[in-house]
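The structure under discussion appears below in the form of structure tokens.
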Amino acid sequence: MPHPARDLEGLIAKGSPEENLLSQIDFKRLPRHIAIIMDGNGRWARMRDLPRVAGHRAGIIAVRDVVEISARLGLQVLTLYAFSLENWNRPRMEVNTLMGLLREYLKKELDTLQANNIAFKVIGRMEELSPAIRRELTEGMEATRGNSGLLFNIALSYGGRAEIVDACNRILDDRARQGAPRPLDEATFARYLYTAGQPDPDLLIRTSGELRISNFLLWQIAYAEIWVTDTLWPDFRKRELLQAIVDYQKRDRRYGRVGSEPEPVGLPRRKVTA
Ligand code: IPE
Ligand code: IPE
Ligand code: MG
């Protein structure tokens, strides 16, 4: 996957808190993939005595802001959790509004995505969306497929367990056709996921203070660093994203080992045998 270049011209005001955060970021160690559970739209609206859907509408501004800063920073992949399989159980009116907002977003933003060299991809059970939305999403994906900058995944009608089951069914289909030459390994399995070919998220963000995963990217977040903020999604902006990256870069990612310091040279490497 090519590395999009960073382009921050005119994006951050001089002397702002964002500029201060930016100065703390090591661009050689950016997370390759950031995944975000956008939560708290309903609570944001309730705090203002507005209907829940007003919170969803306000959340679009945050989406725009985060997509733009991610592309300009030079991230490889951004995944936004927009609608889970479980969210189909919400009141009909709320589901319809969410679908309407999605269509509106796509119509308004497609040109901006193109201009910023962003490739747009839907992950999830698209077959459960209405044919009209499916067509518009497919057109959006096809129009931006060749873009080499940020890959923007939108998780829609998405469930982590469903993704794993869908992968298993595709593997079974392939094996029924071609036979099973060798046992399955993790790398092969990952090629059957919706995110095939993409790096796993390095950083998982959840807004609104909830400490749960809600069926998001269950396979891919095995070693993601988790960052939770009390900020409700409609209030999430560049500043929060930059703060999350600064904090991420202070973490010690051990992957089960003892420490991240390089091993001392010259010592014999002992194999664990029991
Ligand atoms: C996140 O906000 C958006 C979706 C899940 C579609 P919520 O609608 O879950 O807002 P809260 O959690 O009720 O505040
Ligand atoms: C998770 O938020 C799904 C999305 C952000 C799309 P929810 O609001 O649906 O999650 P729960 O119900 O609090 O776990
Ligand atoms: Mg919620």
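The figure for ARG212 is an accessible area of roughly 130 square angstrom, using a 1.4 Å probe on the protein chains alone.
Per residue, the stretch 32-249 exposes 46 Å² of accessible surface when a 1.4 Å probe is rolled over the protein heavy atoms with every protein chain present. By the helix-only formula, in which each DSSP H run with n ≥ 4 contributes -39500 (n - 2.57) and the sum is divided by residues, the chain has a 222 nm mean residue ellipticity of -12500 deg cm²/dmol. Accessible area per residue was computed with a 1.4 Å probe on protein heavy atoms; TRP219 scores about 80 Å². Distance between the modelled labels on ARG103 and ASP7, one decimal in nanometres: 3.2 nm (7 Å Cα→Cβ projection). Taken along its three principal axes, the alpha carbon spread of the chain comes to 65, 59, 36 Å, from the longest extent down to the shortest. Ranking VAL122, VAL258 from most to least accessible surface, computed with a 1.4 Å probe over the protein chains only, gives VAL258, VAL122. Full extension of the chain between TYR223 and VAL95 yields a length gain of 42.9 nm, computed as 0.36 nm times the residue separation minus the alpha carbon distance.
Of THR195, TYR255, ILE60, whose Cα points farthest to the positive end of the dipole of the chain (charges on the beta-carbon: +1 Lys, Arg; -1 Asp, Glu; origin at the Cα centre)? Positive-end residue among those listed: TYR255.
Can you sort SER214, SER157 by 1.4 Å-probe accessible area, starting with the largest?
Correct descending sequence by accessible area is SER214, SER157.
Full extension of the chain segment joining ARG170 with LEU184 gains 3.8 nm, where the gain is 0.36 nm per residue of separation less the Cα-Cα distance. In the stretch 156-175, whose amide N lies under 13 Å from the spot 7 Å out along Cα-to-Cβ of GLU139? List them in ranges. Answer for the stretch 156-175: none. Looking at the chain, do any whole DSSP H helices span at least 30 angstrom along their long axis by alpha carbon and average -0.5 or above on Kyte-Doolittle, and which? TM-like helix candidates: 52-73, 92-115.
The phi-based Karplus calculation (6.51 cos²θ - 1.76 cosθ + 1.60; θ = phi - 60°) puts the 3J(HN,Hα) values of the stretch 225-231 at 7, 9, 10, 10, 10, 6, 3 Hz, whole numbers, x for Gly and Pro. With all protein chains present, how much of the accessible area of the chain (probe radius 1.4 Å) comes from carbon and sulfur, to the nearest whole percent? On the chain, the fraction of accessible area on carbon and sulfur atoms equals 51 percent. Rolling a 1.4 Å probe across all protein chains gives GLU210 an accessible area of roughly 50 Å². Using C-alpha pairs under 8 Å with a sequence gap of at least 6, the mean separation divided by the residue count of the chain gives a relative contact order of 27 percent. Rounded to whole numbers, the Karplus 3J(HN,Hα) couplings from phi for the stretch 34-41 are 10, 10, 10, 8, 7, 10, x, 4 Hz, using 6.51 cos²θ - 1.76 cosθ + 1.60 with θ = phi - 60°, and x at Gly and Pro.
The values are calculated or read from the model by the stated rules, or taken from the named source; none is laboratory data. For clarity, every value in this text was computed on a predicted model and none was experimentally measured. Because the Cβ atoms are built from the backbone with ideal geometry, glycine has one as well, and the counts that use them run over all protein chains shown. These area figures cover heavy atoms from the full protein model, side chains too; ligands, DNA and RNA do not enter into them. Shrake-Rupley method; radii C 1.70, N 1.55, O 1.52, S 1.80 Å.
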